[in-house]
């Protein structure tokens, strides 16, 4: 079985790259391939000028030092204290006692768990456990942090806490992050670019903003819809026989009364079927799903005018036909 | 009375020494089984199948039969086939595959995610066994050792019947041949007491090592 197939992407230094998809899309397999915990049958994984797939185990070990990883279920050592969990990679690499103590103190302070140094993971909340895992992943000053569904097992409050922590890590350390998640709300506040995975393949890759403005693939729309559209676009399209459009508004245009201008200027009755505004890292973006009552030619001119204003327009075809036409 | 002190000492010696040797050899074997499994960290399916088969064969022999089969080995190692010291050999040989299997089960209980975390930090497999696999499984391993010791106590009583000495020997001699019920019951009571003590100490040690539930604050 192919869990991951023909996936190709690159991540720059200091970038947060999101891999988003539903369960079973192959995200976790992919992340295990990145640090060679699973050896891919084919393909290349370039890190720091080396194709990891060709490297002997000793080189891989060395490179894994430069890739921290955090997991959905934290994977902390249950019989080691918080301090010993964070110290583990440092001990493994033979750092001196004084160096280990200094680094662990620094990290525990950073994650705000100095008071829990002697606690065992079972005594911590999920959010605290993930912060310990983050500290462990950062202990050896990695250049890349892999985050495998790090917030998926957490409640909303702890998710928020961990997201804030990750944001802080990236801002403070400027390391690259590959963030695997099925939660668009997590990707949307963290990622610079996002790739959508479905059935082991990357179906769409773009900035978060563009994905929200113009979700081209059905898989992307499913991810976006998860929290901002209650009703699938395809169903909205079947509500009326008139053409239905999804209008994506960038932060510049999100606050302007473009639609009422349209109505006045082109004498169109605008029927608003759905809409929302999303706060992204890059600013607020919004969307409206509309159809028009009125002259079809005027409709075309109106859409042209909207395009000129920088609005992204997707024409929704009927539900039975399924697809979207740009 | 003197009989009982001597027999108890013999039993403790037999059980202690054979427990020690069976864990000494059985634990590495258990680790080897876990690592060489087809889905293990160092998959060697061929080796795993062979080990697995040998362990199954040894475990399927009744102890009394195994003891006789192992006589030559006892002679080779100890110089004789009967007596307390010589009986340590069959007791250990019988327990090694048992220990290997029970340790294998304990080690398999360790969450593979935790092993991934160790590997992702850059651990070699050997380091991972030492710093993660065994430490994380420790309470369960202790439980396995407890079960092993109790098992060996049972076998040692049986070994007594064929010249091994100890409390089992005493119980058979007085109880069966001389019809001395009091001495028989005393011997049995001492065996029960030893089993209870081992069980209690094992459980206490195991619980003191467990960290998977929040420790109640004092």
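The values are calculated or read from the model by the stated rules, or taken from the named source; none is laboratory data. From a predicted model like this one, the values you see are computed outputs, not experimental measurements. FYI the Cβ positions are ideal-geometry reconstructions off the backbone, even for glycines, and counts take in every protein chain you see.
Per the listing A:195, A:150, the residue uniquely modelled with pLDDT under 95 and in a loop (DSSP other than H, G, I, E, B) is A:150. Evaluate region B:170-184: report whether one residue or more is in a helix (DSSP H, G or I), modelled with pLDDT of 90 or more and within 25 Å of residue B:6 (Cβ to Cβ). The answer is no, given that none of the residues of region B:170-184 is in a helix (DSSP H, G or I), modelled with pLDDT of 90 or more and within 25 Å of residue B:6 (Cβ to Cβ).
Determine whether region B:59-73 contains at least one residue that is under 20 Å from the mean Cα position of the chain (by Cα) and within 11 Å of chain A (Cβ to nearest Cβ). Within region B:59-73, none of the residues are under 20 Å from the mean Cα position of the chain (by Cα) and within 11 Å of chain A (Cβ to nearest Cβ). When each of B:171, B:187, B:100, B:181 is tested for being surrounded by fewer than 19 Cβ atoms within 10 Å (Cβ to Cβ), away from chain A (no Cβ under 14 Å) and over 30 Å from residue A:134 (Cβ atoms), the lone residue that passes is B:181. Considered as a group, the residues in region A:69-92 that are more than 7 Å from chain B (Cβ to nearest Cβ) and not in a helix (DSSP H, G or I) include one that is surrounded by the most Cβ atoms within 10 Å (Cβ to Cβ), and that residue is A:70.
If only residues of region A:48-65 that are more than 9 Å from chain B (Cβ to nearest Cβ) and assigned to a loop (DSSP other than H, G, I, E, B) are counted, the one that is surrounded by the most Cβ atoms within 10 Å (Cβ to Cβ) is A:55. Summed over region A:115-139, the residues that are surrounded by 20 or more Cβ atoms within 10 Å (Cβ to Cβ) and in a loop (DSSP other than H, G, I, E, B) give a count of 2. Say we look at region B:201-216 and pick out the residues that are facing chain A (nearest Cβ under 9 Å) and assigned to a loop (DSSP other than H, G, I, E, B); which of these is modelled with the highest pLDDT? It comes out as B:210.
A quick yes/no check of all residues on (1) out of contact with any helix residue (DSSP H, G or I) (no Cβ under 7 Å at 6 or more places or on another chain); (2) surrounded by 15 or more Cβ atoms within 10 Å (Cβ to Cβ); (3) assigned to a helix (DSSP H, G or I):
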site: B:9; (1), (2), (3): yes, no, yes
site: B:17; (1), (2), (3): no, yes, yes
site: B:43; (1), (2), (3): no, no, no
site: B:46; (1), (2), (3): yes, no, yes
site: B:54; (1), (2), (3): yes, no, yes
site: B:71; (1), (2), (3): yes, yes, yes
site: B:95; (1), (2), (3): no, yes, yes
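Apart from one condition, residue A:219 fits all of (1) part of a strand (DSSP E or B); (2) at pLDDT below 90; (3) out of contact with any helix residue (DSSP H, G or I) (no Cβ under 9 Å at 6 or more places or on another chain); the exception is (1). Quick check on residue A:95: is it within 14 Å of chain B (Cβ to nearest Cβ) and out of contact with any strand residue (DSSP E or B) (no Cβ under 6 Å at 6 or more places or on another chain)? Considered against the rule, which asks whether it is within 14 Å of chain B (Cβ to nearest Cβ) and out of contact with any strand residue (DSSP E or B) (no Cβ under 6 Å at 6 or more places or on another chain), residue A:95 comes out as yes. Looking at region A:246-286, which of the residues that are touching a strand residue (DSSP E or B) at 6+ places or on another chain (Cβ under 9 Å) and part of a helix (DSSP H, G or I) is surrounded by the most Cβ atoms within 10 Å (Cβ to Cβ)? Looking at the filtered set, the residue picked out is A:262. Spot the failing condition for residue A:56; the list is (1) without any contact (Cβ under 8 Å) to a residue 12 or more places away in the chain; (2) within 28 Å of the chain's Cα centre (by Cα); (3) closer than 30 Å to residue A:201 by Cα, and only one is missed. The failed condition is (2). Residues in region A:1-21 that are touching a helix residue (DSSP H, G or I) at 6+ places or on another chain (Cβ under 7 Å) and either over 12 Å from residue A:198 (Cβ atoms) or part of a loop (DSSP other than H, G, I, E, B) (or both): A:3, A:4, A:7, A:16, A:18, A:21. When B:123, B:137, B:159 are checked against the criterion of being crowded, with 19+ Cβ neighbours inside 10 Å, within 13 Å of chain A (Cβ to nearest Cβ) and not in a loop (DSSP other than H, G, I, E, B), a single residue qualifies: B:137. Taking region A:22-47 as the range and being within 13 Å of another protein chain (Cβ to nearest Cβ) and assigned to a loop (DSSP other than H, G, I, E, B) as the test, the residues that pass are A:35, A:36, A:37, A:38, A:39.
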